[in-house]
Amino acid sequence: MIKFEKIQFNKSMRGISLLEIMMALTIATVSVSSITILVQRLILANAAYIDNRAQARYIMDVMQRDMQGAIAVESSRTYDSVLYEATNNDLILKIPSI
């Protein structure tokens, strides 16, 4: 026959209470949620940066194509009875019509 002995617990052998486990899980959940939100924001910011770079590159390509395909550079041009004059910061390109 098996004999069972009564085990005596003292204060140094104390276990973890349910409240302590719940607090640890709460802290861990908040930490993981915060990190997840931070990573999502970083991914979205990076995607916006890449998109802006692609748009800027497209605009530069269009401008380059227009400059390379220009027939002439003009100092002024009239469109619909309105005179457009080039200043120090402007460039009027005469491009062939499609």
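Evaluating 6.51 cos²θ - 1.76 cosθ + 1.60 at θ = phi - 60° for every residue in the stretch 78-86, the Karplus couplings come out as 10, 10, 6, 6, 10, 8, 10, 10, 7 Hz, glycine and proline recorded as x.
Note on the chain: semi-axes of the ellipsoid equivalent to its C-alpha gyration tensor, largest first and rounded to whole Å, are 79, 14, 9. With the charge dipole of the chain set up from +1 on Lys and Arg Cβ and -1 on Asp and Glu Cβ about the Cα centre, the Cα lying farthest toward the positive end among the listed residues ILE21, THR78, ALA48 is that of ILE21. Heavy atoms only, probe 1.4 Å: what % of the accessible area of the chain goes to carbon and sulfur, would you let me know? Heavy-atom surface of the chain belonging to carbon and sulfur, 1.4 Å probe: 62 percent. A simple rule links phi to the HN-Hα coupling: the Karplus curve 6.51 cos²θ - 1.76 cosθ + 1.60 with θ = phi - 60°, which for the stretch 42-53 gives 5, 5, 5, 5, 5, 5, 5, 4, 5, 5, 5, 5 Hz, with x for Gly and Pro.
Considering Cα pairs under 8 angstrom that are at least six residues apart, work out the relative contact order of the chain and quote it in whole percent.
18
On a C-alpha basis, how far is the centre of the stretch 32-56 from the centre of the stretch 71-98 in Å? Whole number, if you could? Answer, in whole Å: 41. For the options VAL32, VAL82, VAL73, a Gaussian network treatment of the chain with springs between C-alpha atoms closer than 10 Å singles out VAL82 as fluctuating the most. Over the stretch 49-90, the reciprocal of the mean inverse Cα-Cα separation, the Kirkwood hydrodynamic radius, stands at 12.6 Å.
Annotation note: chymotrypsin sites (Phe, Trp or Tyr not before Pro) in the stretch 1-97 located in DSSP loop regions with a Cβ neighbour count of at most 12 within 10 Å are PHE4, PHE9. Taking amide H atoms as placed 1.01 Å from N in the peptide plane, the amide H of ILE92 lies under 5 Å from those of GLU74, each 5 or more residues away in sequence or on another chain.
Spin-label model, LYS94 to ILE21: label points 7 Å out along the Cα-to-beta-carbon direction sit 8.6 nm apart.
The values are calculated or read from the model by the stated rules, or taken from the named source; none is laboratory data. Computed from a predicted structure; not experimentally measured. Cβ sites come from the backbone with ideal geometry, for glycine too, and all protein chains shown count toward neighbours. Areas reflect the complete protein model, heavy atoms only, side chains present, ligands, DNA and RNA absent. Shrake-Rupley method; radii C 1.70, N 1.55, O 1.52, S 1.80 Å.
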